[in-house]
Amino acid sequence: MKDYKRKNIGKGGWEPDRILRRQNKGDAEVKLMEFMSASLPDAKRSDIKKWLKFGHFAVNGVVTTAFDAPVSPEGVVELNLTRPFVVFSHPRLKIVYEDDDIIVVDKGYGLLSVGTESSKRSNVETAYSILRDYVKSIHPSNKIFIVHRLDRDTSGLMVFAKNVEAKEALQHNWNNMVLERKYVALLDGELSPESGEIRSHLAETSQHEVYSTDDEFEGKLAVTRYKVRRKGKGHTLAEFSLDTGRKNQIRVHARDLGCPITGDKKYGNGSGPLHRLALHAETLRFAHPVTRHDMNFTSPVPSQFYKYV
């Protein structure tokens, strides 16, 4: 049993994960229980069943409790001997990708990206706090870093960093690292022409409302490209691509086009059949801050957006 004895609890009372990895080097798919019984001949079958029951196994990175989970040729099985693998689950936030450096999530509408001063005092849950608690449940020294934000009522894709190096690489080179950001919105009114570009300088009032100006010394340049996907019934479903990433950029430019986003209380009439801001971050494509690999993610547009065009 020497192969999987647990180490002594380390400094601070935290026992490091001990993970065994076994690869299916055969030519055929095999069931997990059979594979692990053959891979750990000294282990009791009752131990393997117990590990399965409590989530100690992951097949190709996916935690499973199924004894008959398929292990494909070249598939990798991990067994956490220290504790069950942490499985992330939250009704308003979904992890779509994670590695040692970044986490990409699909954020639900109504969830703050990061806390404001008032929300911190009220202990309001945010995407940041949810992910912070998640990574710390894996190890107390783990951290999470905000890279960019989505408005509270905007749903869709965001990327967070898991270390300072990844955070700085993304933030300091954001315009070069981000290859594509595409949003989809349901607009009030039928937009015409059906494609184009809007360019203005965005400034902000003392009441934190952003507005367009032609004065380049008053605001920062913002460039938004748009394309109509479908329209009718007094609404338009349009996609927006950003050349710049200014605060409230799409919301202000949609208003400038004469078709504000449905449900926008700040830059529209605030009403709408969806009872939410109908803006969704559909596509996020960027260069990985460490490997420089092309990372390309897409989140399905909420089905409600299609009901009103």
* Give me the net charge of Asp264's neighbourhood, meaning all other residues with Cβ under 9 Å from the Cβ of Asp264; Lys, Arg count +1, Asp, Glu -1. => +2
* Per-pair calculated FRET efficiency, R0 = 41 Å: Val223 and Lys25 via Cβ, rounded to 0.05 -> 0.20
* Per residue, how much accessible area does the chain have with a 1.4 Å probe, in Å²? -> 54
* Mind pulling the per residue volume of the convex hull built on the Cα atoms of the stretch 145-287? Å³ is fine. => 119
* To do: Output the pairs from Lys107/Lys220; Lys233/Lys265; Lys94/Lys182; Lys143/Lys167; Lys94/Lys136 with a Cα-Cα distance over 23 Å in this structure; if there are none, say none.
  => Lys107/Lys220
* Asked: So what is the relative contact order for the chain, in percent, with contacts set as C-alpha pairs under 8 Å and at least six apart?
  -> 13
* Top positive-direction residue, dipole computed over the stretch 23-76 with Cβ charges, set Val62, Pro73, Ala43 -> Ala43
* Arranged from highest to lowest average of other beta-carbon atoms within 10 Å per residue, in what order do the peptides 81-88, 54-61, 274-281 appear? -> 274-281, 54-61, 81-88
* Structure fact -> Out of Pro289, Asn269, Ser241 - ranked by how far each Cα lies towards the positive end of the dipole of the stretch 230-309, with unit charges on the beta-carbon of charged residues - the top one is Asn269
* Formal net charge of residues neighbouring Pro73 (Cβ-Cβ distance under 11 Å; K, R +1; D, E -1) -> -2
* **Within the accessible area of the stretch 87-218 (1.4 Å probe), percent carbon and sulfur** => 44
* Structure fact -> Working note, the stretch 241-280: Cα radius of gyration (Å, one decimal) and Dmax (Å, whole number) are 10.1, 30
* If you place +1 on the Cβ of every Lys and Arg and -1 on the Cβ of every Asp and Glu, how big does the dipole about the Cα centre of the chain come out, in debye to the nearest 20? -> 1220
* Asked: Say R0 is 51 Å: what FRET efficiency, to the nearest 0.05, do Tyr306 and Lys53 get from their beta-carbon distance?
  -> 0.75
* **Thr291-Lys233 FRET efficiency (beta carbon distance; Förster radius 45 Å; 0.05 resolution)** => 0.50
* Over its Cα atoms, what ratio of radius of gyration to 2.2 N^0.38 Å does the stretch 242-309 give? -> 1.37
* Structure-derived Rg/Rh (Cα atoms, Kirkwood Rh): which label, when the choices are (i) 0.96; (ii) 1.07; (iii) 1.47 -> (ii)
* In nm, to one decimal, how far is the modelled label at Trp174 from the one at His139, with both set 7 Å along Cα→Cβ? -> 2.9
* Ratio to report: Rg/Rh of the stretch 57-113, with Cα atoms as the point set and Rh obtained by the Kirkwood method; give two decimals. => 1.05
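The values are calculated or read from the model by the stated rules, or taken from the named source; none is laboratory data. Remember, predicted model here, so these are calculated numbers, not experimental data. Glycine also receives a Cβ, built like all others from the backbone with ideal geometry; neighbour counts cover every protein chain displayed. Surface areas here come from the heavy atoms of the whole protein model, side chains and all, with no ligands, DNA or RNA. Shrake-Rupley method; radii C 1.70, N 1.55, O 1.52, S 1.80 Å.
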